[in-house]
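Undergrad: Got a structure for you, questions after.
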Amino acid sequence: MSTGSMIALAVIAVLVIYLIIIFNGLIAHRNKFKNGFANIDNQLQLRYDLIPNLIETAKAYMSHEKETLTQVIEARNKAASASKQAALHPDDAAAMNKLMAAETALSGTMLQFFALTENYPDIKANQTMEKLMEELTTTENKVAFARQRYNDDVMQYNTYREQFPNFMVANNGGFKEATLFEVESNEIKKTIRVDFNK
């Protein structure tokens, strides 16, 4: 075998090894953000399980608010269904967009529900309701933390995927761009006033 042939073979071998490293890197980054979504999904399921209990407890006090209570349950069911689809394919942009829309709608109905509970002081005094609200708040915080971690993983994957020459391997290997999980906040922002004269 001539020296030229050996050099050509060595270059091809190095190129193949380099492509394998890129491919394996794409797989590792994709698996990392998929695992991140699994953590979100676990927290979302806990929240979806809490909401019916919250509504059942509130029904005893809010019998005149049946429409709002029904809207919350319907929004919860849509979000749970969208979450199941997204959990199967967190790399599918359509499934993620559907989940984000469902979560935004659920946030809006939950905000309405919480606003209505302000009109019923007996609800706030109920120990079961208080415990459920605490659990829900804790779960919401865990969802937010898991979502931030997932979005960081997605950003790393997308950045790695778009780099040269990684994007050539990604496009030919079926590595699609991942979607960030962003939920529009319907929360009313309250201005905090600081008064030093007190």
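The values are calculated or read from the model by the stated rules, or taken from the named source; none is laboratory data. It should be emphasised that the depicted structure is a prediction, and the values quoted were computed from it without experimental measurement. Here Cβ is always computed from backbone atoms with ideal geometry, including for glycine, and neighbour counts include all displayed protein chains.
Undergrad: Residue under question is Ala170, and the condition is that it be at pLDDT 95 or above, more than 30 Å from Ile21 (Cβ to Cβ) and among the hydrophobic types (A, V, I, L, M, F, W, C); does it hold?
TA: Answer is no for this residue.
Undergrad: Contact list please: Cβ distance under 6 Å, first residue in the range 92-104 and touching a residue at least 12 places away in the same chain (Cβ under 8 Å), second residue exposed (fewer than 15 other Cβ atoms within 10 Å of the Cβ), pairs at least six apart or on different chains.
TA: Matching pairs, first to second residue: Ala95/His89; Thr104/Glu184.
Undergrad: Just need a number here: residues in the range 72-105 that are farther than 15 Å from Ala38 by Cα, surrounded by 19 or more Cβ atoms within 10 Å (Cβ to Cβ) and out of contact with any Phe, Trp or Tyr (no Cβ under 9 Å at 6 or more places or on another chain).
TA: Looking only at that region, the number is 3.
Undergrad: Same structure, new question: Being surrounded by fewer than 17 Cβ atoms within 10 Å (Cβ to Cβ), in contact with a Ser or Thr (Cβ under 7 Å, 6 or more places away or on another chain) and farther than 18 Å from Phe37 by Cβ narrows it down to one of Thr137, Thr128, so name that one.
TA: Thr128
Undergrad: Condition check: without any contact (Cβ under 8 Å) to a residue 24 or more places away in the chain and surrounded by 13 or more Cβ atoms within 10 Å (Cβ to Cβ). Does Glu56 satisfy that?
TA: Judged against the criteria, Glu56 is a match.
Undergrad: Assess whether Lys176 counts as being within 26 Å of Leu19 (Cβ to Cβ), touching a helix residue (DSSP H, G or I) at 6+ places or on another chain (Cβ under 8 Å), surrounded by fewer than 18 Cβ atoms within 10 Å (Cβ to Cβ) and in contact (Cβ under 8 Å) with a residue 60 or more places away in the chain.
TA: For Lys176, the condition - within 26 Å of Leu19 (Cβ to Cβ), touching a helix residue (DSSP H, G or I) at 6+ places or on another chain (Cβ under 8 Å), surrounded by fewer than 18 Cβ atoms within 10 Å (Cβ to Cβ) and in contact (Cβ under 8 Å) with a residue 60 or more places away in the chain - is met.
Undergrad: Can you pull out the residues in the range 62-85 that are more than 12 Å from Thr109 (Cα to Cα) and small (Gly, Ala, Ser)?
TA: Hits for the range 62-85 are Ser63, Ala80, Ser81, Ala82, Ser83.
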